[in-house]
1. Of all residues in region 99-135, count the ones that are within 13 Å of the ligand (Cβ to nearest atom), of a type outside the set (D, E, K, R) and within 22 Å of ARG365 (Cβ to Cβ).
2. If you take just the strands (runs of 3 or more DSSP E) that sit entirely in region 296-407, which of them hold at least 1 residues that are away from the ligand (no atom under 16 Å from the Cβ)?
3. Quick one: which of ASP40, ASP69, ASP56, ASP33 is free of Cβ contacts under 8 Å to residues at least 24 places away in the same chain, charged (D, E, K, R) and more than 16 Å from the ligand (Cβ to nearest atom)?
4. With ALA121, ALA72 as the choices, which residue is in contact with a Pro (Cβ under 7 Å, 6 or more places away or on another chain) and at pLDDT 95 or above?
5. Quick test for you: out of ALA307, ALA333, ALA303, pick the one residue that is closer than 30 Å to ASN395 by Cα and at pLDDT 95 or above.
6. Can you tell me which of ILE18, ILE3 is in contact with a strand residue (DSSP E or B) (Cβ under 8 Å, 6 or more places away or on another chain) and not small (Gly, Ala, Ser)?
7. For residues in region 1-20 being surrounded by 15 or more Cβ atoms within 10 Å (Cβ to Cβ) and among the β-branched types (Val, Ile, Thr), which is farthest from GLY87 (Cα to Cα)?
8. Report those strands (runs of 3 or more DSSP E) wholly inside region 167-239 carrying at least 2 residues which are within 16 Å of the ligand (Cβ to nearest atom) and either in contact (Cβ under 8 Å) with a residue 24 or more places away in the chain or within 30 Å of GLU336 (Cα to Cα) (or both).
Amino acid sequence: MQIQLDRLQHSVLTLAQIGATPEGGVSRLALSDADKEGRDLLVRWMRATGLEVTIDTMGNIFGRRHGTDQDAAILLIGSHIDSVKEGGKFDGALGVLSALEVVRTLNDQQRQTRHPIEVVAFTNEEGVRFPPAMLASGVMAGHFTLDYAYSRTDTQGKRFGEELARIGYRGSRPCTPRHFHAYIEMHVEQGPVLITEGYPIGVVEGVLGISWSTITILGERDHAGPTPMAMRHDALVAAAQIVLAVRNLATTFGGDMVTTVGTLDVEPNMINVIPGRVVLSVNIRDWYDEKIRQALTMLKEEAARIAKTEGVHIEVDNYWHIAPTHFSPEIVAAVERSCQKRGCQYRKIVSGAGHDANYLNHVTRTGMIFVPSIGGKSHCPEENTAWEDIEKGANVLLQTVLDLAEA
Ligand SMILES: [Zn+2]
C-alpha cells in the first residue's frame, strides 16, 4: 500500500496558496483570515474524505475515521497549519496533509482498522501572534488553562478567545485528553542534519531540554581615553569571555548539546566610554537534563573566574528550564520498524525545536517522523523538502498507522 504523491503534492501546494507571500512562502498566522480560509479548506477536504469533523474549545480540528471497534483508543495523526510570519509551505501543513493522505489511501484500498484514526490540526502551534507557542496542545495537556489561553493578546490587543470565535472555530468539545492510542506527527526537520548526512527519514526520539539564563555584568563606566588599560573594569571584555565560555560548554560536553548567546545589551554603548554594564542571554539545550545542569554549574564557575580576573561583578539568573521530552520507546520502535519494512534509510534524531508532540507526550504515547529540510532552512520562504523524501515520509507514516491502528 502506497500513498499517492501527486495527490499529497496537490494538497500541499493548494493550501500553500492561502496566505502565500511573493517570495514563495506563507504567512498564515493563527486565527487570522488566512488561517480561517486554510481551516475551511482542510475541513472541506476532511469531509470529502468521509471524516467526521469536530472542533474543540481551543479550535483544534479533528477528522475521525471510524474503526471496527468503536471502543478502541484513538490513533491521532497530524500537526498544525498556522505559520510564522513569512514562513514556509511545509512546517506543520505537511504533517496534517500527510495524515489526510494516509486516510485517503486507506479509503482507496478500503482498508479498515480496529482503532479509530483521527487527523488533527492543532491551533496556534507557532505562537507568533499569540505567545506562547504550542498553546492549544498545552491546554490539552493541562499545562495551560483555557482562561489563560483565551486571554492571550496579540500586538494590537486582540484576544485569543475572541479571535477564535470571530473566525468561527471556537468549538464545543472540551480540549482535554480523550482515550488516545498514540500520537504520531510527521514534520520537516527544520535543521541540517538529515540533508547533510543524506538520510530521507529521521526517527525522532524526543526534543531537547532547554535552559534560559540572563547574565548581568557590572563593571565601571569610564572615559575611553584617560583610563589606562590596567585600571579598567570593562564589562564588555568580561562579556566577550562569557560568550566564548558558553560556546565552549557545547564543545566540552559534546553529544547533542547546543549553546547560544543570542542577545547582548551594552551600556552605555558609546564609542568613547568603557562599557559599565552588559546583559546577555544564555540558551543551553541538551538531550539529558543532568548535562544541562552540569553545564550551568560550569558556566557559573567560569563566570566567577572571569569576574575575578576582570574586576567586575557577574550575576547568573537561570529563569526558565524545561526538561527534555523523551518520546515513547514503543512508538519510536514502531516508526523504526516502518522504515525497515519500507526499505527506507533512516537515522535516529532528536529535535532541537519544540512541537505539539512535546505536550502530547504527556497525554499519550507519542512519536515523530522527520523529513529533510533542504539547506536546513525553515521559518522562511526558502523552506523546502524534496518530494521524493516527502513520499517516503508519508509512506512511513502510513506503515506506522497500519501497524498501530490494526493491533
Ligand atoms: Zn511546526
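The values are calculated or read from the model by the stated rules, or taken from the named source; none is laboratory data. Nothing here was measured: the structure is a model prediction, and the numbers come from that model. Because the Cβ atoms are built from the backbone with ideal geometry, glycine has one as well, and the counts that use them run over all protein chains shown.
1. Number of matching residues: 3.
2. Numbers: elements: 313-322, 346-351, 366-371.
The strands (runs of 3 or more DSSP E) meeting that bar are 313-322, 346-351.
3. Details: ASP69 fails: free of Cβ contacts under 8 Å to residues at least 24 places away in the same chain; ASP56 fails: free of Cβ contacts under 8 Å to residues at least 24 places away in the same chain; ASP33 fails: free of Cβ contacts under 8 Å to residues at least 24 places away in the same chain.
After applying the criteria, what remains is ASP40.
4. Details: ALA121 fails: in contact with a Pro (Cβ under 7 Å, 6 or more places away or on another chain).
Sole residue among the options that is in contact with a Pro (Cβ under 7 Å, 6 or more places away or on another chain) and at pLDDT 95 or above: ALA72.
5. ALA333
6. Values: ILE3 fails: in contact with a strand residue (DSSP E or B) (Cβ under 8 Å, 6 or more places away or on another chain).
So the residue among ILE18, ILE3 that is in contact with a strand residue (DSSP E or B) (Cβ under 8 Å, 6 or more places away or on another chain) and not small (Gly, Ala, Ser) is ILE18.
7. Selected residue: ILE3.
8. Details: elements: 180-188, 201-207, 209-218.
Because the criterion is at least 2 residues that are within 16 Å of the ligand (Cβ to nearest atom) and either in contact (Cβ under 8 Å) with a residue 24 or more places away in the chain or within 30 Å of GLU336 (Cα to Cα) (or both), the strands (runs of 3 or more DSSP E) in region 167-239 that meet it are 180-188, 201-207.
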